[in-house]
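The values are calculated or read from the model by the stated rules, or taken from the named source; none is laboratory data. Not measured: the values here are computed from a predicted model. Note that each Cβ is placed from the backbone with ideal geometry, even for glycine, and that neighbours are counted across all protein chains shown. Note: accessible area is taken over every heavy atom of the protein model, side chains too, but ligands, DNA and RNA are not part of it. Shrake-Rupley method; radii C 1.70, N 1.55, O 1.52, S 1.80 Å.
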Amino acid sequence: MKPAVTYELLHIDKNSGARRGIVHTPHGDIQTPVFMPVGTQATVKSMTPEELKEIGAQIILSNTYHLYLRPGQELVKSAGGLHGFMKWDRPILTDSGGFQVFSLGPLRKITEEGVEFKSHLDGSRHFFTPESVMKTEEDLGADIIMAFDECVKYPASYEYTKQSMERTTRWAKRCKQAHTTENQALFGIIQGGFYEDLREKSAKDLIELDLPGYAIGGISVGEPKEEFLKMLYYTAPLMPENKPRYLMGVGTPDYLIESALAGIDMCDCVLPTRIARNGTAMTWNGKVVVRNATYEKDFRST
């Protein structure tokens, strides 16, 4: 049976390693490299699906953690999954909620079985396991779903990072076993913090699972730029050439360019729409803060 998501490599730049490709999905093809706008709760804030298409958005990302809490996976499933719920007929990717659980800090407790956490909305207790996350993501119905992982804070000790990375690999195996929906593709997430040998071990072990795509997680989490670049350029070549390469949580223009040059196919971030809602636009000439007094009587549209 043909996989739900496949990757077609079109060209690799011999000088930089940047590449062009096509990700084929049940809801259409994605030309890469691609930036994915983030619709955290099934909407890209301040933008309609029509407007997203007008600006050329090929795929959007939604968040499992937030949708699980509100409005709930059952409601989304009854509406025809995210595609029906959002009235979006192009590809969708859902993350696993691992980063959001990580960001809860003292509100969560990590064990081998999964993660217990308190809702940031009402303090209610919940428990995520690889199996329960797979069920939630299958109900949401995205084309690409992510394995449940732990995103380690920066900085973190070698010993803790090693334990976390190994647990993330075990969770990926459980995700693969629990994932049963044939029209969705499960991507694994390479972890290992800022230790090259752990990144290499994570990539090797996950590649053995023969998943249809792989992501780099756990960078762009507050580390200095030189650390980000070092780990990006070390990890990207470890990923399979014939499958999509996804770098999670990157959205500033300089990081996006560096990612493309490193051979990354997909990136996502809330940054562009978040700063736009607060009066900042990214342009070819740098950031424009439209709330500044200098624009008070500026009636230009561009």
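Taken one residue at a time, the phi angles of the range 180-190 give Karplus couplings (6.51, -1.76, 1.60, θ = phi - 60°) of 10, 7, 6, 9, 10, 10, 9, 9, x, 10, 6 Hz. Gly and Pro are set to x.
For the pair His11 and Glu182 in one chain, pulling the backbone fully straight at 0.36 nm per residue adds 58.7 nm over the alpha carbon distance. Other residues within the sphere of radius under 15 Å centred on the Cβ of Gln73, judged by their own Cβ, net out at -3 (K and R +1, D and E -1). With 23 Å as the limit, the listed pairs Lys173/Lys230; Lys153/Lys201; Lys225/Lys287; Lys118/Lys153; Lys153/Lys243 have Lys173/Lys230; Lys153/Lys243 beyond it between alpha carbons.
Loop-located GluC sites (Glu not before Pro) in the range 198-244 (DSSP state other than H, G, I, E, B) with a sparse environment of at most 11 neighbouring Cβ atoms within 10 Å: Glu208. Only the Cβ atoms of Lys and Arg (+1) and of Asp and Glu (-1) were treated as charged; on that basis the dipole of the range 147-302 about its Cα centre amounts to roughly 500 debye.
With every protein chain in place and a 1.4 angstrom probe, the accessible-area ranking of Ile257, Ile216, largest first, reads Ile257, Ile216. A Förster distance of 25 Å, applied to the separation of the beta-carbon atoms of Ser301 and Glu227, puts the FRET efficiency at 0.05. Accessible surface of the chain, 1.4 Å probe: 53 percent of it comes from carbon and sulfur atoms.
Here the spin labels are modelled as points 7 Å beyond Cα on the Cα-Cβ line, and at Lys53 and Gln31 they lie 1.7 nm apart. Computed 3J(HN,Hα) for the range 107-113, one whole-Hz value per residue from the Karplus formula 6.51 cos²θ - 1.76 cosθ + 1.60 where θ = phi - 60°, is 7, 9, 10, 9, 10, 4, 6, glycine and proline marked x.
Rolling a 1.4 Å probe over the protein chains gives Asp89 an accessible area of about 90 Å².
Between Phe127, Phe99, Phe194, the GNM of the chain built on Cα springs shorter than 10 angstrom shows Phe127 fluctuating the most.
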